[in-house]
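Heads up, the thing below is written out as C-alpha cells.
The values are calculated or read from the model by the stated rules, or taken from the named source; none is laboratory data. Just so we're clear, the structure is a prediction, and the values are computed from it rather than from any experiment. Every residue, glycine among them, receives a Cβ derived from its backbone with ideal geometry; neighbour counts consider all protein chains shown.
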Amino acid sequence: MSVIVRFAPSPTGYIHIGNLRPALFNWLFAKARPGEAPGQFVLRFDDTDVERSRQEYADAIAEDLRWIGIVPDMIARQSDRLEIYDRAADALRAKGLLYPCYETADELERRRKRRMALGQPPVYGRDALRLTAEERAKLEAEGRRPHWRFLLPNFESDPFAPVRKEVRWNDLVRGQQTVDLSSLSDPVLVREDGTYLYTLPSVVDDGEMGITHVIRGDDHVTNSGVQIAIFEALGYSLPVFGHHNLLTTVDGEGLSKRSGALSIRMLRAEGLEPMSVASLAVLVGSAGSIEAMQDLTQLGARVDLSAISSSNAKFDPAELVRLNAELVHKFSYEDVAARLAEMQVPTDSAQAFWLAVRGNCEKLDDAASWQAIVYHAPSASFVFSDEDLSFVREAFALLPPEPWNNESWGLWTQAVKAATWRKGRGLFLPLRLALTGLDHGPEMAALLPLIGRKAALQRIP
Ligand code: GLU
C-alpha cells in the first residue's frame, strides 16, 4: 500500500515548533522510513473558519515548511472544496444522521446544568430530534436558523437511550485506544450560518484524498472516535491513526499559534539551522537522546512513533541553541561555502577560516564576527598595562617572516618566550588580545596565518 499522509494546519497564524511536529512526523513517515518506498505528502489548509484564516498565513506556512525541507506533493484548501462537503452533508441528512437543532448557546448551557444537577452526564440530550415538522417550521418562521448535529451511533434502536459504544483503533503512537461514544454529545458539523466546523471536512478530505495515515496531536484523540463514526457513516475506508504528545513550554503551558511565540520564522530570523529546529521538534518527548541530525533522512531513521511518550514534551530554548551549536561545529566547508562567501570571507582562505572558527560558533552567523576580526580589525582595541604594552611591542618585533602556516604561531611564541622569559597565560593572552581584541576564541595557531603578517603588524598597540 502506498502511503499518503497530510498535514492540515489552519492558516490562522505562523506555525511554531509545536505545529512543526505533526508536519515532520507525517513527512518523515511518508518519505524517510528506512527501507520503505516514499509516499505522498499533502499540505491541506483547514481554512473553513473564514474569519480567522488568512492567505498570507497559508503562504507563510508553506514557506516555513520549505525552509525545513518539506515540499508537499499536493496543496489543497478546504475553502475550495465546499461543494464536496455539501454533498457529504446531504448524504448524511438523507440517512437521518445529520439533524437540525435550534437551541441557542444559553439554552444549551441551562440544559447542561440541569442534567448535571440530575446526576446525568452533561451531554446533549438530542432534544431537537423530538421536534415535529410543524415545530421546526414554527422556529424557522421566528427567524431561527438550524445548526446541524451528527447522530452518533451509540444506541440500539432508541436514540434517547444511549448505550456504551466503543470505538477502538490501534494507534501508531499510543497503542490500543478506546473512545466510548455514549459519553459524547452529538457533534455539531454545520454552523447556523451554513459554514462547516473542522470535523466533517477533515473526514471528507481524508476519505476523498485516500489518506492512509492520520498522524496528529493527542488533543485529537476524542475527535478520532467521533470521526471514525463519520468515516463509517460515509462509507470511506479508515486511515490508520497516530496521536503524538504535544509540546509545551518549560512551565508546562501550551504554545499558541496566535502569539507568534517560537514561530518557525522567528527561529529562522534568529539564525538557527533548519536541522536543529527539526531535530528538536521530532526527538523531544521521545525515548532516546536528543541530538542534532545532519538531514531529514538521518532524522527519519531515528523516529519510532511507538516510542513517543504519552505525557507532554517540554520545549527548552536552551536545548535548541545547544543542538544548533552541535550542528554548526560539524558543518564541513562544503556545507557552508556559499554562506561564507556571502559574509565576504575570501575564497582562497575560506576553508582554513571555517575549520579554525567553527568550534567557536553557536550559530553560523557567528562566523561573520570572526570574519571581521580575522580580515579587518580586532573587535576592540584593548588597553594594556605599561608592562604588557612593552611586552607586546617587543613580541611583535619578533614576528617571523612569511610564508606562514599552522606552525608559525608556535615558532613565534617560542622566540618570544626565549627573549622575554614570559610563559603560559602571561605570554599568550596579551598576544591574543592585541591580535583579536578578545580573551577567547579559536586557536591562535589557526588564526595567525589567516590574519597574515602585514595585518598583524598593523595591530601593534
Ligand atoms: N486543523 C487541525 C489542527 O490544526 C488539523 C487536525 C488534524 O490533523 O486533523 O488541529
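Testing Asp127 on (1) surrounded by 15 or more Cβ atoms within 10 Å (Cβ to Cβ); (2) closer than 18 Å to Asp186 by Cα, one condition comes back false. Which one is that? Unmet for Asp127, out of (1) surrounded by 15 or more Cβ atoms within 10 Å (Cβ to Cβ); (2) closer than 18 Å to Asp186 by Cα: (1).
Just give me the residues in the range 72-98 being assigned to a helix (DSSP H, G or I), under 35 Å from the mean Cα position of the chain (by Cα) and not acidic (Asp, Glu), in sequence order. Once the filter is applied, which keeps residues that are assigned to a helix (DSSP H, G or I), under 35 Å from the mean Cα position of the chain (by Cα) and not acidic (Asp, Glu), the range 72-98 yields Gln78, Ser79, Leu82, Ile84, Tyr85, Arg87, Ala88, Ala89. Checking each residue in the range 7-55 for being closer than 23 Å to Ile308 by Cβ and of a type in the set (A, V, I, L, M) picks out Ala8, Ile15, Ile17, Leu20, Ala23, Leu24, Leu28, Ala30, Ala32, Val42, Leu43.
Put simply, of Leu262, Leu299, Leu320 the only residue that is surrounded by 15 or more Cβ atoms within 10 Å (Cβ to Cβ), within 21 Å of Val71 (Cβ to Cβ) and out of contact with any Gly (no Cβ under 6 Å at 6 or more places or on another chain) is Leu299.
Candidates are the residues of the range 36-53 that are outside any strand (DSSP E or B) and within 13 Å of the ligand (Cβ to nearest atom); the one that is nearest to the chain's Cα centre (by Cα) is Asp46.
Looking only at the range 198-233, residues that are within 11 Å of the ligand (Cβ to nearest atom) and of a type in the set (A, V, I, L, M, F, W, C) come to 4 in all. Of the listed requirements (1) at pLDDT below 95; (2) part of a helix (DSSP H, G or I), Asp335 misses just one: (1).
The residue that is nearest to the ligand (Cβ to nearest atom), counting only those in the range 9-35 that are within 21 Å of Leu280 (Cα to Cα) and not in a helix (DSSP H, G or I), is Pro9. The condition of being of a type in the set (Phe, Trp, Tyr), more than 28 Å from Ala338 (Cβ to Cβ) and touching a Pro at 6+ places or on another chain (Cβ under 8 Å) holds for only one of Phe391, Phe428, that being Phe391.
Considering Leu108, Leu92, the condition of being aliphatic (A, V, I, L, M) and surrounded by 19 or more Cβ atoms within 10 Å (Cβ to Cβ) is satisfied by Leu92 alone.
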